[in-house]
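Beneath this line is the structure, given in structure tokens, with notes to follow.
Read the figures in this text as sums done on the coordinates, not as results from a lab. No experiment lies behind these values; they were computed from the predicted model shown. Methodologically, a virtual Cβ is constructed for each residue, glycine included, from the backbone with ideal geometry; neighbour enumeration extends over all protein chains shown.
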């Protein structure tokens, strides 16, 4: 895991990326152009920092309210395979967030979530406390920031899949919905020391996360440090503007027992309303089935992961995103079919994938819709998602209607799975479900 291994991994990665990747680099503008306008110098600094830590955008928008939160009540029904009657589901939640400045340089951030679900989210009890973030930030100058504590450091441009989000494994303790935005926002942060530096046209971030526990905890009142800090890890990311329209981001990730991994994020604005983005990660890895089942003497090989998407936004605020996701370490169609016949090994693999937030099979298509303020219905939002597994032709559909008032939201959600027995979505116990929720902000 020394610097020589990391350097060799970097060289091999760029050689494998090759001419196609270089061509894409020279033609893709930076993330700031994705907003459809030229950013001001002040915004450029904020965009650079946000590339390294996307949650900074949320925190900056909420800085005017140091203490805030919401409560939520939800009730619905689910139809399960083999059961003639629908099963009732209920949940009561509360989320508290603090973002307090004790001085011009010091900032204290904390996010705490409490859920009570019936039935319980396995393997946890009905009542579940999640310490999602708790860290202190010191900014001695405009160009330097140091953070220490549990931080939800998210990476990547992908909507439904983020191969360069190297800290996502094990971080999902409370899943209240299947939409990607909810999963990213409600996961546990990683305990780390993070340093971020800014300069004209560039930014550098280095994160060091130590091992603090041996394994994850199923206790409802645990900080669950083993879920996010079960091994020592590091993550370095660099964003440098090459030209006015080109600012890619590179990442280098390493962990105990794992070869260094590389990552990259790029985006391009095609016309006034269409964004094309790409996210890549690569490195020496074992196949996912071998990792999940802990098979002995499994050799490593170079594996690539991709998330490539096209997002178009109309004048009426309708936004559509088509995304293709790929993981070379996931089973192809033949390996997936063989795994389905192995019973216990199949479900052990599915549980491992869920914890790792990885792809079950080699590739996946996703269509995502976001339509705030529907025409003729101000404050009414429509969100939808459709996922298709091309290896077994199973699908997942999710739909949400959300009505917003000052301090109050009412949402109706619906979810449906299609597929034959043994497929990714056809093997899930739940066939369909709907839920009505009421959320109040304070």
Item to check | Ranked by how many other beta carbons lie within 10 Å on average, peptides 263-272, 429-438 from highest | outcome: 263-272, 429-438
Item to check | Read-out Kirkwood radius over Cα pairs in Å, derived from the coordinates shown; its label in (1) 23.7; (2) 23.1; (3) 27.8 | outcome: (2)
Checklist entry - Per residue Cα convex hull volume for segment 103-220, in cubic angstrom? => result 124
Checklist entry - Could you give the distance between the Cα centres of segment 82-140 and segment 297-348, to the whole Å? => result 28
Next on the checklist: Just to be sure I understand: with springs between alpha-carbon atoms less than 10 Å apart, which residue in 280, 306, 67 has the highest mean-square fluctuation in the Gaussian network model of the chain?
Outcome noted: 67
Checklist entry - Can you tell me the Rg and the Dmax, both Å, for the Cα atoms in segment 272-370? => result 16.7, 56
Item to check | Within the chain, helix-based [θ] at 222 nm, where runs of 4 or more DSSP H residues each add -39,500 (n - 2.57), nearest 500 | outcome: -5500 deg cm²/dmol
